[in-house]
Amino acid sequence: MTTASIHIVASPESWIEQLAIEQLHQTAALPGIEAVVGLPDLHAGRGIAVGAAFWSRGLVYPHLVGSDIGCGMGLWRTGMKLRKFRPDTAVRKLHGLEEAWEGDVAARLAEADLPALPCDALGTIGGGNHFAELLRFEEVFDADLFAELGLDARAVHLMVHSGSRGLGQAILDRHRARHNVDGLATGTSDCVAYLAEHDAAVRWAMLNRVVIAERFLDRLGAEGARLLDICHNSVTPHRDGWLHRKGAAPADKGLVVIPGSRGDMTYLVRPRPGAPADAALDSLAHGAGRKWSRSEARDKLGRRFRIADLERTALGSRVICEDRDLIFEEAPQAYKDIHQVVHDLEQHGLVDLVATLRPLVTYKTRRA
């Protein structure tokens with residue numbers, strides 16, 4: 001059996017845990033996998049490295065996409081002017097967002113060309129590393145490009161990170177009950193069925209981010225316009241084969257936001273025209289990447305900080321998270337350095353920097 005080529009996009013200054021590298025090698029040994037790329041945010045996942053892309057010639061591997069099919073980042077320019085924005089006021093207004101959305105779900109699904117899918121969580125963020133965040137532009141690296149893209153440094157922006165909620169989990173569970181981690185041969189009935197469910201989950205996740213944004217903006221009494229929406233958990237056709245992205249943003253869909261932790265900057269980047277696409281499988285980092293596991297974060301930070309300490313970051317931004325474990329698990333200290341991650345992408349010729357955004361309010365959950 002021939003093992004796939006493995007390429008890691010990272011500089012010597014970047015820390016990559018050995019377990020994540022071992023997981024890349026395990027995946028590279030799967031039948032049909034011919035190329036594997038680890039991005040600078042690479043870290044170990046539940047058997048599969050996160051921050052990675054995998055290319056196969058004739059097989060689709062649902063477990064390489066994982067349970068949160070369609071998870072991604074959306075960015076909106078809001079009608080709220082930065083000079084009038086008050087974070088404490090926003091914190092007081094942002095309530096009730098964990099409850100079921102009261103809008104017309106059937107109508108929104110129909111508008112998105114989606115069937116009546118068995119998931120009642122539309123418009124909710126979910127747990128884990130998902131969030132919604134209000135931000136401001138901090139530093140502009142290319143003023144001409146910034147203006148060309150129609151960006152506005154005077155406006156508050158909203159970023160939403162969420163996915164397909166229980167829908168993606170149900171799809172993966174059904175597949176694994178029949179095939180475990182075996183690949184699906186292109187053109188077989190099971191492969192066709194999985195891809196149809198996968199594509200529906202991707203569209204559902206995108207709609208979910210839209211409804212989340214609408215709910216946030218409604219609470220804040222503001223309008224908004226979506227600037228981008230990028231999916232980082234998916235499988236798509238690529239070079240006569242299949243490209244699986246597990247926590248990897250696409251480099252062929254326009255602008256990309258790469259968030260740090262809730263206590264650090266988010267980068268807005270443009271994939272560089274003419275970049276060595278094959279070397280990175282047309283993929284980019286999707287965030288900073290975890291430095292500590294969730295249990296490590298709870299243990300290490302629980303001894304050093306009170307919850308109140310973590311409700312305001314070193315940047316002065318507010319954090320809304322009423323889940324005691326989650327506020328420690330998702331603390332900034334648990335993540336790698338976003339500046340180093342993006343520097344690695346830039347040094348490898350993959351992106352041009354557009355700007356950074358600074359967090360103002362990060363919303364996780366009001367429910368303990």
Report task. Report, by residue number, each residue of the range 69-102 that is surrounded by 21 or more Cβ atoms within 10 Å (Cβ to Cβ) and assigned to a helix (DSSP H, G or I). Result -> 90
Requested in this report: Scan the range 198-231 residue by residue and report those that are surrounded by 20 or more Cβ atoms within 10 Å (Cβ to Cβ) and farther than 30 Å from residue 91 by Cβ.
Outcome: 198, 200, 201, 202
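State the number of residues belonging to the range 47-62 that are in contact with a Gly (Cβ under 8 Å, 6 or more places away or on another chain) and either surrounded by fewer than 21 Cβ atoms within 10 Å (Cβ to Cβ) or not in a loop (DSSP other than H, G, I, E, B) (or both).
Start the filter on the range 47-62 by keeping residues that are in contact with a Gly (Cβ under 8 Å, 6 or more places away or on another chain), which leaves 48-52, 55-61.
Next, from what is left, pick out any that are either surrounded by fewer than 21 Cβ atoms within 10 Å (Cβ to Cβ) or not in a loop (DSSP other than H, G, I, E, B) (or both): 50-52, 55-60.
Residues meeting the conditions: 9.
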Requested in this report: Kindly indicate whether residue 39 is modelled with pLDDT of 95 or more, surrounded by fewer than 24 Cβ atoms within 10 Å (Cβ to Cβ) and at negative phi.
Outcome: no
Report summary line: Here the residues within the range 119-146 that are closer than 22 Å to residue 197 by Cα and either over 23 Å from the mean Cα position of the chain (by Cα) or free of Cβ contacts under 8 Å to residues at least 24 places away in the same chain (or both) are 120
Query - Residue that is farthest from residue 363 (Cα to Cα) [pool: residues in the range 287-329 that are among the aliphatic types (A, V, I, L, M) and in a loop (DSSP other than H, G, I, E, B)] - result: 288
Query raised in the report: Could we say that residue 345 is hydrophobic (A, V, I, L, M, F, W, C) and either assigned to a loop (DSSP other than H, G, I, E, B) or more than 16 Å from residue 286 (Cβ to Cβ) (or both) here?
Result: no
Query raised in the report: Does residue 268 fit the bill of being farther than 28 Å from residue 55 by Cα, hydrophobic (A, V, I, L, M, F, W, C) and surrounded by 19 or more Cβ atoms within 10 Å (Cβ to Cβ)?
Result: no
Query raised in the report: Does any residue in the range 15-43 that is in contact (Cβ under 8 Å) with a residue 60 or more places away in the chain and assigned to a strand (DSSP E or B) come within less than 8 Å, Cβ to Cβ, of a residue that is surrounded by fewer than 21 Cβ atoms within 10 Å (Cβ to Cβ) and among the basic types (Lys, Arg) six or more places away or on a different chain, and which pairs are these?
Result: 34/57; 43/291
Query - Filter result (surrounded by fewer than 24 Cβ atoms within 10 Å (Cβ to Cβ) and assigned to a loop (DSSP other than H, G, I, E, B)) within the range 245-259 - result: 251, 252, 253, 254, 255
Query raised in the report: Out of curiosity, is residue 252 modelled with pLDDT under 95 and of a type in the set (Asp, Glu)?
Result: yes
Query raised in the report: Pick from the range 171-202 the residues that are assigned to a helix (DSSP H, G or I) and among the small types (Gly, Ala, Ser): which of them is farthest from residue 71 (Cα to Cα)?
Result: 189
Query raised in the report: Which ones in the range 7-30 are of a type in the set (A, V, I, L, M), modelled with pLDDT of 95 or more and out of contact with any helix residue (DSSP H, G or I) (no Cβ under 9 Å at 6 or more places or on another chain)?
Result: 19, 20, 21, 24, 28, 29
Requested in this report: Evaluate the range 160-170: report whether one residue or more is without any contact (Cβ under 8 Å) to a residue 60 or more places away in the chain, assigned to a helix (DSSP H, G or I), touching a Pro at 6+ places or on another chain (Cβ under 8 Å) and not aromatic (Phe, Trp, Tyr).
Outcome: yes
**Report entry** Residue under evaluation residue 189, criteria (1) of a type in the set (S, T, N, Q); (2) in contact (Cβ under 8 Å) with a residue 12 or more places away in the chain; (3) over 30 Å from residue 347 (Cα atoms), criterion not met
**Finding:** (2)
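The values are calculated or read from the model by the stated rules, or taken from the named source; none is laboratory data. Keep in mind it's a predicted model, so treat the numbers as computed, not measured. No Cβ is skipped: glycine too gets one built from the backbone with ideal geometry, and neighbour counts run over all protein chains shown.
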